[in-house]
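Worksheet: the structure to be examined is printed underneath.
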Amino acid sequence: MPRRETANAATQLNGNKLYHARARAALPILVRQAKAGEPIYYERLANELGMTNPRNLNYPLGSIGRSIKALSKEWKQDVPMIQSLVINQQQGLPGDGIGGFIKNSKANYHKLTKQQRRELFKAIQFEVYAYRDWDKVLSALGLKPVEDNFEPLVCAAQSFGGGGESEDHFRLKMYVKKNPDLLSIRSPGKADTEVSLASGDCLDVSFSGKRTWTAVEVKSAISSEADLVRGLFQVVKYQAVMSAEISARGFQKDIDVFLVIEGNFSERFYSLANTLGVRVVRVQKNGDEYVVIRS
């Protein structure tokens, strides 16, 4: 069945099929993202749900959409399309199946250009972030909020004291600089390391093109979990500072920041990264090269 028909095929999340169970597990995660004001990639959501194939999220998300639509009718008020927060990494857009949930757009949605879709979902996602009754929605559907306790991670990061640059960090940093394709960076432009920001911070790796500026924070295999968490917050800071610098200089560039880590990380770290909207790329050394690990 074509994905665009998922809206009609999936039923509300109180059913007993596998996709219903996944929908019930996914909605509290999406509420967490809504409260944080951040979307989540299909692959990241699938990982949090223990799913190996993100493509199988179409029915769970369709089920969430049907449940939200029914709740809107019952409450006689619009509950925003929270499933719109799940986007793909390549285009930054939800899947085609969401078109069936957009008012007055079932026939026209698939005729929109990618740019028109992006503008449409900016407005829809803004409504999701601004909505204040998500806990009420969960309660009405018999669900509970995600109980993520990030306090230990944040406290550990606060007390972490960094040292000098290790050989492992230098090696990974230089490899990323020479291989932007590792992160699927298109038109990387000028590649540099240790690029200073106006805030006094330094970017491990910077790719500066005519229309894009991409930064990479690198954490090698010897980094502790506290250092990895510190990296998450560094990425959040760099994103804000880089955007401010571009605005102050009167430029127009798309800003992107990655956290590249070598080695394993905990489920709590993974959930925190999703909550903060940080793009984490996990790599592994393979001889003289590094390869991306699909978690």
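Could you count how many residues in segment 143-182 are within 17 Å of G231 (Cβ to Cβ), crowded, with 16+ Cβ neighbours inside 10 Å and among the acidic types (D, E)?
Of the residues in that region, 1 qualify.
Here is a list of conditions, (1) of a type in the set (V, I, T); (2) touching a residue at least 60 places away in the same chain (Cβ under 8 Å); (3) touching a Pro at 6+ places or on another chain (Cβ under 9 Å), and I87 meets all of them except one; can you say which number that is?
Here I87 clears every test but (2).
Quickly run through segment 78-113 and pick out the residues that are at pLDDT 80 or above, touching a helix residue (DSSP H, G or I) at 6+ places or on another chain (Cβ under 9 Å) and assigned to a loop (DSSP other than H, G, I, E, B).
D78, V79, P80, M81, N88, Q89, Q91, G92, L93, P94, G95, L112
Among the residues of segment 262-295, count how many are closer than 18 Å to Y41 by Cα, of a type in the set (A, V, I, L, M, F, W, C) and assigned to a strand (DSSP E or B).
3
For segment 232-262, enumerate the residues that are surrounded by 16 or more Cβ atoms within 10 Å (Cβ to Cβ), touching a strand residue (DSSP E or B) at 6+ places or on another chain (Cβ under 9 Å) and of a type in the set (A, V, I, L, M).
Matches in segment 232-262: L232, V235, M242, I255, V257, L259, V260, I261.
Quick check on my filter: what residues within segment 263-291 are surrounded by fewer than 13 Cβ atoms within 10 Å (Cβ to Cβ) and charged (D, E, K, R)?
E267, D288, E289
The values are calculated or read from the model by the stated rules, or taken from the named source; none is laboratory data. It should be emphasised that the depicted structure is a prediction, and the values quoted were computed from it without experimental measurement. Counting neighbours? That spans all protein chains shown, and the Cβs are built from the backbone with ideal geometry, glycine included.
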